[in-house]
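Colleague: After the structure tokens below, expect a handful of questions from me.
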Amino acid sequence: MRKKIIAGNWKMNNNKAETAALIQSLTPFNFSAEVRVMVAPAFTHLVQAEALTQGSRIEVLAQNMNAAESGAYTGEISATMLSSIGIQKVILGHSERRAFYNETDESLKAKVATAITHDMEIVFCFGEELDQRKAGSHFEVVKTQLETALFDLTPSQWSKVILAYEPVWAIGTGETATPEQAQEMHAYIRDLIASNYDQALEDSVSILYGGSVKPANAQSIFSQPDVDGGLIGGASLNADDFKAIIQSA
Ligand code: PGA
């Protein structure tokens, strides 16, 4: 049985004190043992987040990292740096990184490889843009994104991968994919995994949905058979909303 996963992507929001306050309003929350809860604060707050979540079941992940081991990459953060502060999880391929920082399926393949080398768990984001959905090419787009970045992994390396389908047109827009649209794509992704690997892997990979998930729509999305939880942006910045979403999982 796949556990549900609810991950909050805090993006470039909250100063140190605000991040601490948000974490401290989540740590006493006694959520179901069937759910994994993760939060991704900014790099500057990861040390603090790691300390404040000790003894709780809240897991901390980074929002990005560089593919290189070290070197002359001003402003970048390596896997070793994250590991050295106890962070063994990272979001890769978020659509904002693809759109604003030129991340490509190829560059993400390199980041995935580095994360795997460092035994890090990856929340891998992908999804089509609005014009691609309108043109009916969304399945093809998602197939290429996954094939390029992930389908060279071995089945055992896949145990480190959590997928997050995030249609770009639904991120931060208030426009959510319908539960049926999410389910249709998630089922397609499972079929892709089955045809590239096998049924066992198809059944074991967690696939999250992301894009304007709110307390009001979370349950209808999470109740779809192939949706294993969500990657939550805006609504994860409000403790009450995030808790309500966790309870919907
Ligand atoms: P949103 O963001 O929930 O604010 O739409 C989701 C995401 O970017 O992961």
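Colleague: Ranked from the most accessible area to the least, with a 1.4 Å probe and all protein chains present, what is the order of 120, 1?
Modeller: Per-residue accessible area, sorted high to low, gives 1, 120.
Colleague: FRET efficiency for residue 199 and residue 18, Cβ-Cβ distance as r, R0 = 41 Å, nearest 0.05?
Modeller: Plugging the Cβ-Cβ distance into 1/(1 + (r/R0)^6) gives 0.35.
Colleague: What residue among 17, 164, 239 has the largest mean-square fluctuation in a Gaussian network model of the chain, using Cα springs under 10 Å?
Modeller: Ranking 17, 164, 239 by mean-square fluctuation puts 17 first.
Colleague: Here is a follow-up. Report the antiparallel proportion of the DSSP beta bridges in the chain as a percent, rounded to a multiple of 5.
Modeller: DSSP beta bridges in the chain are roughly 0 percent antiparallel.
Colleague: At a probe size of 1.4 Å, how large is the accessible area of residue 119, to the nearest 10 Å²?
Modeller: 90
Colleague: Let me ask something additional. Determine the order of 50, 76 by accessible area, beginning with the largest, at a probe radius of 1.4 Å.
Modeller: 76, 50
Colleague: Just the accessible area per residue of the chain, please: how many Å² with a 1.4 Å probe?
Modeller: 44
Colleague: Return the long-range amide H neighbours of residue 36 (sequence gap of 5 or more, or a different chain), with a cut-off of under 5 Å between placed amide H atoms.
Modeller: Amide H neighbours of residue 36, under 5 Å, 5+ apart: 4, 5, 6.
Colleague: Just to verify a number: what accessible area does residue 47 come out at with the full protein assembly present, 1.4 Å probe, Å² rounded to tens?
Modeller: 90
Colleague: Relative to the present Cα-Cα distance, how much length would full extension add between residue 56 and residue 157 at 0.36 nm per residue of separation?
Modeller: So the extension gain works out to 33.7 nm.
Colleague: If the chain between residue 135 and residue 113 were fully stretched, how many nm would it gain, using 0.36 nm times the residue separation less the Cα-Cα distance?
Modeller: Result: 4.7 nm gained on full extension.
Colleague: Taking Cα centroids, how far is the range 87-106 from the range 167-244 in Å?
Modeller: That distance is 18 Å.
Colleague: Ignoring ligands, DNA and RNA, how do 195, 32 rank by accessible area with a 1.4 Å probe, largest first?
Modeller: Solvent-accessible surface, decreasing: 195, 32.
Colleague: Moving on to the next point. From the backbone phi of the range 32-47, what are the Karplus-calculated ³J(HN,Hα) couplings (6.51 cos²θ - 1.76 cosθ + 1.60, θ = phi - 60°) in whole Hz, Gly and Pro given as x?
Modeller: In residue order, the calculated couplings are 4, 5, 7, 10, 9, 10, 10, 10, 10, x, 5, 3, 4, 10, 5, 4 Hz.
Colleague: Give the carbon-plus-sulfur fraction of the accessible surface of the chain in %, rounded to a whole number; probe 1.4 Å, heavy atoms of protein chains only.
Modeller: 51
Colleague: Note down the nm distance, to one decimal, between modelled labels 7 Å out along Cα→Cβ at residue 29 and at residue 76.
Modeller: Inter-label distance under the simple model: 3.5 nm.
Colleague: So, one more: Structure shown: which of 111/214; 4/89; 16/214; 134/214 lie over 28 Å apart, alpha-carbon to alpha-carbon?
Modeller: Beyond 28 Å between Cα atoms: 111/214.
Colleague: Using a 1.4 Å probe, how large is the accessible area of residue 35, given in Å² and rounded to the nearest 10?
Modeller: Number for this one is 10 Å².
Colleague: Quick check: residue separation of residue 104 and residue 148 times 0.36 nm, minus the Cα distance between them. What number comes out in nm?
Modeller: 14.9 nm
The values are calculated or read from the model by the stated rules, or taken from the named source; none is laboratory data. This one's a predicted model, so the numbers in the text were calculated from it and none came from an experiment. Every residue, glycine as well, gets a Cβ built from its backbone with ideal geometry; the counts of neighbours run over all protein chains shown. Ligands, DNA and RNA are excluded from the accessible area calculation, which covers all protein heavy atoms including side chains. Shrake-Rupley method; radii C 1.70, N 1.55, O 1.52, S 1.80 Å.
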